[in-house]
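Working notes for the structure below.
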Amino acid sequence: MDAGHKFQVRKLEILDKSKDDHSGKIIATGSVFIEKKFLRNCGKVGHIEDVVVDSAARGMQLGKKIIEFLTDHAHSMGCYKVILDCSLENKAFYEKCGYRQKEVQMVKYFV
């Protein structure tokens, strides 16, 4: 059943170009996908996913930069909100980025 449910995805990768080998190793990444909801007159919601910063690159504000970029992108695409899931240990980081806890996530694994 396809009810015109389309997604748009935007991904950001930050590469380490400081090495002489020019390998361009990814040191930080994240993505946001935009979903049209049936509620709010098919309004758009941004879902931030897979935000990761290499442990050797921590403290460089890369995670914050990725969240800001993805949040700004979702806003520019007309999203009425952006949501994400995170572990309790990462909650404070996302709060510093302007996010707040809302409701509870439920999951069922098939593996």
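A short reminder: the numbers here are calculations on the coordinates, not readings from a lab. Note that this is a predicted model, so its numbers are computed, not measured. When we count neighbours, we look across all protein chains shown, and the Cβ atoms used for this are built from the backbone with ideal geometry, even at glycine.
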Stick to the Cα atoms of region 42-92, pair each with every other, and give me the Kirkwood hydrodynamic radius in Å at one decimal.
12.1
Relative packing of peptides 85-94, 63-72, 98-107, 48-57 - highest average C-beta neighbours within 10 Å first:
63-72, 48-57, 85-94, 98-107
Percent of all alpha-carbon pairs of region 7-96 at distances over 20 Å, whole number, is 41
Computed [θ] at 222 nm, helices only, for the chain once each DSSP H run of length n ≥ 4 contributes -39500 (n - 2.57):
-6000 deg cm²/dmol
With label points built 7 Å along Cα→Cβ from the Cα atoms of K11 and D72, find their separation and express it in nm.
2.1
Taking θ = phi - 60°, what integer Hz values does the Karplus form 6.51 cos²θ - 1.76 cosθ + 1.60 yield along region 92-98, in sequence order, with x for Gly and Pro?
4, 4, 5, 5, 5, 8, x
Mind listing the long-range amide H neighbours of A28? Cut-off is under 5 Å, sequence gap 5 or more, other chains count too, H placed in the peptide plane at 1.01 Å from N.
I14, D54
Flagged links, alpha-carbon separation over 30 Å, of K17/K102; K17/K44; K11/K36; K17/K81; K37/K65; K37/K91:
K17/K102; K17/K44; K17/K81
